[in-house]
Each structure stands twice: as structure tokens, then as C-alpha cells.
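A short worksheet on the structure shown next.
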Amino acid sequence: MRVERLVCWEAADAADPVTRAAGRLYEQTLDPDERIPWAWIERSLGRTAAPGGWQKHLLLAAPAGKEDDPGWLAGYAYGAFLPGYGGYLCYVGVAPWARRFGVGTKLFGEFFRAVRADADRLGERLPFVVWESHRPAEPMTAAERNLWAARTRLFDRVGGRWVEGVDFLSPNFAEDGGEPVPLQVLVKPVDRPLAEFTPRRLRRLVGGLHERVYRNGPGDALYDGTFPPGCRLRLVPARRAGGADRVTSR
Ligand SMILES: CC(C)(COP(=O)(O)OP(=O)(O)OC[C@H]1O[C@@H](n2cnc3c(N)ncnc32)[C@H](O)[C@@H]1OP(=O)(O)O)[C@@H](O)C(=O)NCCC(=O)NCCS
């Protein structure tokens with residue numbers, strides 16, 4: 001399969017067999033504590049966003065001519081434009097058979113285009129696109145190291161930078177009252193130049209992620225735990241988040 005033969009489109013119907021295949025792929029590609037229930041994503045499909053609300057997108061990818069065949073679903077990406085904040089990519093996953101063909105890169109690119117269009121339509125800027133990713137704890141198994149390398153290489157390729165200096169404490173979706181899941185935060189500067197992502201601005205951006213996405217604010221344990229005293233945030237190349245320099249052979 002060649003990259004130029006790949007097609008991306010926006011899913012609008014939860015009952016479509018290809019959308020259902022995306023749900024299965026979602027559950028296979030992400031750990032339970034990293035993901036919300038698929039039903040929450042399904043619910044947003046085909047709906048018009050409330051004014052000021054999240055402009056949500058579920059993007060699917062397949063080889064050209066195979067768009068109607070659930071067996072050929074190559075990958076998905078789900079995220080939103082959050083008015084007054086920026087783009088937020090929640091999840092991306094590629095079917096094991098379709099990996100390393102540029103599907104992940106293509107899905108990121110399509111998502112960037114979708115949130116750019118939202119911002120333009122709403123007369124807003126798109127200062128950045130942000131996403132989080134779970135870095136396995138050390139010592140990593142070979143499989144964990146490979147996956148983390150794949151993630152950071154992909155993030156680098158799409159212009160993402162790692163917010164060094166912070167572990168974003170997110171709720172554990174697998175277990176009520178479970179341990180918080182520490183995530184790494186990645187940012188792609190878009191309308192705002194890289195130099196403007198100062199430590200203070202980055203702190204506002206990461207705090208905004210808590211407030212806008214997880215409904216946590218100062219005084220909440222997850223919010224306060226994300227910003228221990230003395231933490232200083234800065235944007236560095238995504239590969240510095242570890243793993244990408246220790247890639248096994250292709
Ligand atoms: C991470 C993932 C999305 C990558 O998708 P993909 O379609 O294989 O990525 P691409 O083909 O677009 O490759 C992008 C870059 O990553 C590199 N890469 C991909 N898989 C890799 C691997 N296993 N090891 C090392 N590098 C890898 C590619 O070589 C490319 O880098 P390069 O252009 O510098 O060579 C895919 O492995 C996946 O779905 N994993 C499970 C779910 C997941 O981790 N989702 C991300 C959550 S944040």
C-alpha cells in the first residue's frame with residue numbers, strides 16, 4: 001500500500017460497519033486506563049456542536065476503494081477544536097497490518113486540517129494543537145519501548161513538541177478511584193510562534209487542558225499534582241521524551 005492511495009474521511013454514522021470497526025480498533029490499540037468508553041465517542045457523531053462547544057471529529061482512513069470494507073480500516077483519529085483554547089487530539093490508532101505506511105502521519109495531518117477549518121469558520125485563531133500520550137514506566141519491555149518509539153517518531157514527524165517538566169495527571173478511566181494516569185503532553189504550535197510558548201504560557205496551556213477537558217482546576221488533586229512546586233515547563237523536540245533514539249530495526 002502506498003501513502004498516496006490512502007483515503008481519510010469523517011465518520012458521521014455510529015451504526016456504519018466501518019465506524020464499528022473503528023470502535024474495535026480503538027479498544028484493541030489503547031489500554032483501558034487510557035481511553036474513555038467508545039459509546040461516548042459514538043454519541044458525538046453526526047451532531048452539530050452547540051455554540052462555543054467542542055467541534056468534534058472522528059476521522060477514519062483506508063486504502064482507496066476499500067472505504068466501505070470494515071476489514072480494511074487502516075486507522076482512526078478522534079479529537080476536537082475547543083473554541084477559545086485550541087485543537088485537542090484525544091486518540092489516534094493504526095491497525096497493526098497498516099503500521100509504518102504513513103497512516104498515523106496522514107491522520108494527524110487531516111486532523112490539523114479539520115481543526116484549522118473549525119477555527120477559520122468560527123473566526124478564531126488556532127494557537128496550537130495539543131495531545132497527551134502515556135509513556136510506559138521504566139524499565140520498559142521491548143514491546144513497550146518499540147511502541148513508545150513509534151509514538152515519539154510519529155509526533156516528531158507531524159511537528160509535535162514535548163512539554164518537558166510535567167507529568168499530566170489524568171483520571172483513570174479503567175477503575176473508579178484508581179491511581180491517576182501520568183501522561184506526557186505534546187504540542188504543535190500553529191498560529192503562535194514557537195518562541196511564544198514560554199514556561200508561563202505552557203503552564204496556562206497545560207492548566208487549560210485540565211480545566212477544559214477534565215474539568216479540574218486549582219485545588220483539585222489531579223491539577224495540583226500536575227504542577228509540583230518548582231516545576232518548569234518547556235517545549236523540546238518530541239524525541240527527547242525518550243525511546244526514539246533506541247529504535248529497533250525497521
Ligand atoms: C503510534 C502509531 C499511531 C504510529 O502509526 P503509523 O501509521 O505506524 O505511523 P507512520 O507510518 O505515520 O510513521 C510515523 C513515524 O513513526 C515511525 N514509526 C512508526 N512505527 C514505528 C516503530 N514501531 N518503531 C520506530 N519508529 C516507528 C515511522 O518510521 C515514521 O518516522 P520517520 O518518518 O521518521 O521514519 C501506531 O503504531 C499505533 O496505532 N499504535 C497503537 C496505538 C497508539 O499508540 N496510538 C497513539 C497514542 S498517543
Picked from the stretch 194-250 (must be charged (D, E, K, R) and within 16 Å of the ligand (Cβ to nearest atom)), the residue modelled with the lowest pLDDT is Arg250
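Do we have any residue at all in the stretch 32-43 that's surrounded by 16 or more Cβ atoms within 10 Å (Cβ to Cβ), assigned to a loop (DSSP other than H, G, I, E, B) and modelled with pLDDT under 95? If you could, list the steps in order and put the result at the bottom.
Here is the first cut: in the stretch 32-43, the ones surrounded by 16 or more Cβ atoms within 10 Å (Cβ to Cβ) are 33-35, 38, 41-42.
Applying the additional criterion that residues be assigned to a loop (DSSP other than H, G, I, E, B) yields 35.
Checking which are modelled with pLDDT under 95 leaves us with 35.
Checked against the condition, which is being surrounded by 16 or more Cβ atoms within 10 Å (Cβ to Cβ), assigned to a loop (DSSP other than H, G, I, E, B) and modelled with pLDDT under 95, the stretch 32-43 yields at least one hit.
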With criteria (1) part of a loop (DSSP other than H, G, I, E, B); (2) within 16 Å of the ligand (Cβ to nearest atom); (3) open to solvent by 50 Å² or more (accessible area, probe 1.4 Å), Asn146 comes up short on (1)
ask   = For Pro51, are the conditions met, namely being modelled with pLDDT of 95 or more and away from the ligand (no atom under 16 Å from the Cβ)?
value = no
Filtering the stretch 56-79 for residues that are outside any strand (DSSP E or B) and within 19 Å of Ile41 (Cβ to Cβ) leaves a count of 3
Within the stretch 74-99, the count of residues that are open to solvent by 10 Å² or more (accessible area, probe 1.4 Å) and over 15 Å from the mean Cα position of the chain (by Cα) comes to 6
A careful count of residues in the stretch 80-102 that are in contact with a helix residue (DSSP H, G or I) (Cβ under 7 Å, 6 or more places away or on another chain), assigned to a strand (DSSP E or B) and within 11 Å of the ligand (Cβ to nearest atom) gives 5
Out of (1) under 21 Å from Asn172 (Cα atoms); (2) touching a strand residue (DSSP E or B) at 6+ places or on another chain (Cβ under 8 Å), the one Glu144 does not meet is (2)
Within the stretch 109-137, the residues that are aromatic (Phe, Trp, Tyr) and either free of Cβ contacts under 8 Å to residues at least 12 places away in the same chain or more than 8 Å from the ligand (Cβ to nearest atom) (or both) are Phe111, Phe112, Phe128
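The values are calculated or read from the model by the stated rules, or taken from the named source; none is laboratory data. Owing to the predicted nature of the structure, the values given are computational and were not obtained by experimental measurement. Glycine also receives a Cβ, built like all others from the backbone with ideal geometry; neighbour counts cover every protein chain displayed. Surface accessibility is based on the protein's heavy atoms, side chains included, excluding ligands, DNA and RNA. Shrake-Rupley method; radii C 1.70, N 1.55, O 1.52, S 1.80 Å.
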